[in-house]
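Step one of this worksheet: look at the structure below.
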């Protein structure tokens with residue numbers, strides 16, 4: 001009897017874990033718009049910083065990254081606070097949210113400081129940013145067992161390593177491609193899954 005009870009308890013706990021992971025993935029999908037928003041913000045910051053200079057991610061416009069990042073934070077908070085119908089946050093969802101909050105604070109502190117101080121070159125700048133984003137996506141993807149997000153993390157990690165080599169033009173191409181794949185495309189993908197899930201009898205398997 002004790003073995004049967006233990007076996008049943010184990011099954012129930014595994015089922016609970018699977019349910020929590022599924023709910024965490026749904027909550028991440030419901031925030032897919034933030035990936036898209038920040039992807040656009042990165043493009044805006046790069047375009048602003050590069051304006052009038054030969055391919056440079058920092059450029060002469062030192063306010064590009066600070067202003068753009070702060071604006072993105074304000075928009076994220078404003079849009080997030082207006083969203084309705086959020087499901088109750090699970091422990092997994094809270095853990096994932098904490099990871100991204102820590103990333104946001106880190107980038108909000110590091111990006112403006114690097115841009116204003118200009119004590120770092122473009123290659124190191126991209127390597128640091130890509131490593132941060134790879135870490136956050138990897139942590140989230142591993143917790144949620146979400147292969148697509150793990151792949152997104154892999155792209156960021158590859159971009160981080162690639163940023164240490166090559167020319168400025170190659171650096172720009174790598175960074176822009178990573179933003180497109182891991183922010184724009186991933187954001188649209190997550191939003192589409194969330195939209196399909198919210199439709200009546202719309203089941204999504206990803």
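The values are calculated or read from the model by the stated rules, or taken from the named source; none is laboratory data. None of these values were measured; they are calculated from a predicted model. FYI the Cβ positions are ideal-geometry reconstructions off the backbone, even for glycines, and counts take in every protein chain you see.
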Among residues belonging to the range 128-145 that are surrounded by 21 or more Cβ atoms within 10 Å (Cβ to Cβ) and in contact (Cβ under 8 Å) with a residue 60 or more places away in the chain, point out the one that is nearest to the chain's Cα centre (by Cα).
140
Could you run through the range 156-174 and say how many residues are within 14 Å of the chain's Cα centre (by Cα) and surrounded by fewer than 21 Cβ atoms within 10 Å (Cβ to Cβ)?
1
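Here is a yes/no grid of residues against (1) modelled with pLDDT of 90 or more; (2) touching a helix residue (DSSP H, G or I) at 6+ places or on another chain (Cβ under 8 Å); (3) farther than 30 Å from residue 23 by Cβ:
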site	(1), (2), (3)
38	yes, yes, no
42	yes, yes, no
103	no, yes, no
111	no, yes, yes
118	no, no, yes
128	yes, yes, yes
Filter the range 49-89 for residues that are at pLDDT 80 or above, surrounded by fewer than 16 Cβ atoms within 10 Å (Cβ to Cβ) and either touching a helix residue (DSSP H, G or I) at 6+ places or on another chain (Cβ under 9 Å) or in a loop (DSSP other than H, G, I, E, B) (or both) and give the result.
70, 71, 75, 79, 80
Here are some conditions: (1) buried (at least 21 other Cβ atoms within 10 Å of the Cβ); (2) free of Cβ contacts under 8 Å to residues at least 40 places away in the same chain. Residue 198 meets all but one. Which one does it not meet?
(1)
